[in-house]
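**Student:** Quick one: structure below, then a few questions.
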Amino acid sequence: MSLKKKNIVIAFIGLWLLAATGCAAESTVKQAAQPVPEKKELIRVTVYQLVVDPSSRQPVVTLADPGEKRALFIWIGILEARAIYSELEGVENPRPLTHDLLEKIIQKADGAIHHIVITHSKDNIYYATVFLQKGENLVEIDARPSDSLVMALKFNAPIYVSRALFEKMSLPLESQTDMEESYGLSLQELTPDLAKYLSFEPGKGVMVSGVRKGSQAAMDGLMAGDIIVEVEGRVVEDPPFFLQTFEKSKSPLKTKIYRNNRFLTLTVHPE
């Protein structure tokens, strides 16, 4: 499902986040874990989509390149997702929350967030650096990407991702296919690095990036976030393989998927 920044759709996350409660993970301020890439090594991105992974029930924020052809998927905490949602939708909290307080402190000190950079990933964790401006000086602060995104949105500051990281971990935002239009199913490539991030075996399966409400795909039981592993006993290596198998079939297909840390078998109906 393709969503534009200016007309962003937040899939049932609004009411869910506004009603939810939880504990914030401890954040730290320290020296950056590794050198921040040079400007020429960065790619500017925008917050493209905020959804809930139906398998883990965890919020996911996607960051798209300028042409909205590829996006980086980052799983975040509920409180940070709520803060991002509030910034995107212009929701004002009745009392200052943590990010609101930090914004006021920075403003009172005549500072501002200049820009943020999502620098690298290690052990399936993304790292970011916030650049705080005070006069002509820039201070680098190590931070979580989720907190960094909230502060960038509050100060309308540019968001960057290391080009090497983006090329390694991003997924294509594919245009609509016949299967997407007729069956209601959108697929994304499951790269080795993304598979590792999701704790899934590399080299197997494709990710379901979207299921249209009321479509045959939805009636067959498929959900966004599913990983399609096998179809009729054959390993699904990439989206074209599944698409070709799907289009050639004239009968229902037994399909093995991975959801919520377990394998399930569904029957999909091409026609």
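**Student:** In segment 104-135, what residues are part of a loop (DSSP other than H, G, I, E, B), touching a residue at least 12 places away in the same chain (Cβ under 8 Å) and either within 16 Å of V36 (Cα to Cα) or not small (G, A, S) (or both)?
**Tutor:** Once the filter is applied, which keeps residues that are part of a loop (DSSP other than H, G, I, E, B), touching a residue at least 12 places away in the same chain (Cβ under 8 Å) and either within 16 Å of V36 (Cα to Cα) or not small (G, A, S) (or both), segment 104-135 yields D110, N124.
**Student:** Name the pairs whose Cβ atoms lie under 8 Å apart, with the first residue in segment 136-165 and closer than 19 Å to A83 by Cβ and in contact (Cβ under 8 Å) with a residue 60 or more places away in the chain, the second assigned to a helix (DSSP H, G or I) and among the β-branched types (V, I, T), and 6 or more positions between them or separate chains?
**Tutor:** Pairs found: S146/I84; L149/I84; V150/I84; L153/I84.
**Student:** Pull out all pairs, ordered by first then second residue, where Cβ-Cβ is under 7 Å, the residues are six or more apart or on different chains, the first lies in segment 218-230 and is without any contact (Cβ under 8 Å) to a residue 60 or more places away in the chain, and the second is part of a loop (DSSP other than H, G, I, E, B) and buried (at least 19 other Cβ atoms within 10 Å of the Cβ).
**Tutor:** Listed by first residue and then by second, the contacts come to A218/G184; I227/L190; I227/G205; I228/G205; I228/V236; V229/G205; V229/V236; E230/V236.
**Student:** Which of the residues spanning segment 224-241 are hydrophobic (A, V, I, L, M, F, W, C) and either more than 25 Å from the chain's Cα centre (by Cα) or not in a loop (DSSP other than H, G, I, E, B) (or both)?
**Tutor:** Of everything in segment 224-241, those that are hydrophobic (A, V, I, L, M, F, W, C) and either more than 25 Å from the chain's Cα centre (by Cα) or not in a loop (DSSP other than H, G, I, E, B) (or both) turn out to be I227, I228, V229, V231, V235, F241.
**Student:** If you take the residues of segment 259-271 that are in a loop (DSSP other than H, G, I, E, B) and under 30 Å from I74 (Cα atoms), which of them is farthest from the chain's Cα centre (by Cα)?
**Tutor:** N261
**Student:** Of the conditions (1) part of a loop (DSSP other than H, G, I, E, B); (2) modelled with pLDDT under 90, N156 satisfies every one except a single condition; which number is it?
**Tutor:** (2)
**Student:** Looking at segment 194-239, which of its residues are surrounded by fewer than 15 Cβ atoms within 10 Å (Cβ to Cβ) and either touching a helix residue (DSSP H, G or I) at 6+ places or on another chain (Cβ under 8 Å) or of a type in the set (A, V, I, L, M) (or both)?
**Tutor:** If the condition is that a residue be surrounded by fewer than 15 Cβ atoms within 10 Å (Cβ to Cβ) and either touching a helix residue (DSSP H, G or I) at 6+ places or on another chain (Cβ under 8 Å) or of a type in the set (A, V, I, L, M) (or both), then E201, P202, G203, M219, E232, R234, V235 are the ones that fit.
**Student:** Looking for something crowded, with 16+ Cβ neighbours inside 10 Å, of a type in the set (F, W, Y) and touching a Phe, Trp or Tyr at 6+ places or on another chain (Cβ under 7 Å) - is there at least one such residue anywhere in segment 144-155?
**Tutor:** No, there is no match, as no residue in segment 144-155 is crowded, with 16+ Cβ neighbours inside 10 Å, of a type in the set (F, W, Y) and touching a Phe, Trp or Tyr at 6+ places or on another chain (Cβ under 7 Å).
**Student:** Another question, if that's okay. Listed residues S199, S186; which is in contact (Cβ under 8 Å) with a residue 24 or more places away in the chain and assigned to a strand (DSSP E or B)?
**Tutor:** Being in contact (Cβ under 8 Å) with a residue 24 or more places away in the chain and assigned to a strand (DSSP E or B) holds for just one of S199, S186, which is S186.
**Student:** May I pose another question? Could you please tell me which pairs satisfy a Cβ distance under 6 Å, a separation of 6+ or placement on different chains, a first residue in segment 68-83 that is assigned by TED's automatic domain parsing to the domain that holds D123, and a second residue that is aromatic (F, W, Y)?
**Tutor:** So the pair list comes out as A71/Y48; L72/F166; I74/Y126.
**Student:** Let me ask another. Determine, yes or no, whether K256 is assigned to a strand (DSSP E or B) and over 27 Å from D123 (Cβ atoms).
**Tutor:** Spelling it out, K256 is indeed assigned to a strand (DSSP E or B) and over 27 Å from D123 (Cβ atoms).
**Student:** Also: Looking at Q133, Q176, can you tell me which residue is surrounded by fewer than 18 Cβ atoms within 10 Å (Cβ to Cβ), more than 15 Å from I74 (Cβ to Cβ), in contact with a His (Cβ under 8 Å, 6 or more places away or on another chain) and at pLDDT below 95?
**Tutor:** Every option except Q133 fails the conditions.
**Student:** Further, regarding this structure: Counting just the residues of segment 50-97 that are among the polar types (S, T, N, Q) and in contact with a helix residue (DSSP H, G or I) (Cβ under 9 Å, 6 or more places away or on another chain), which one comes out surrounded by the most Cβ atoms within 10 Å (Cβ to Cβ)?
**Tutor:** S86
The values are calculated or read from the model by the stated rules, or taken from the named source; none is laboratory data. In this text the structure is predicted, and so the values were computed from the model without any measurement. Glycine gets a Cβ as well: all are built from the backbone with ideal geometry, and neighbour counts include every protein chain shown.
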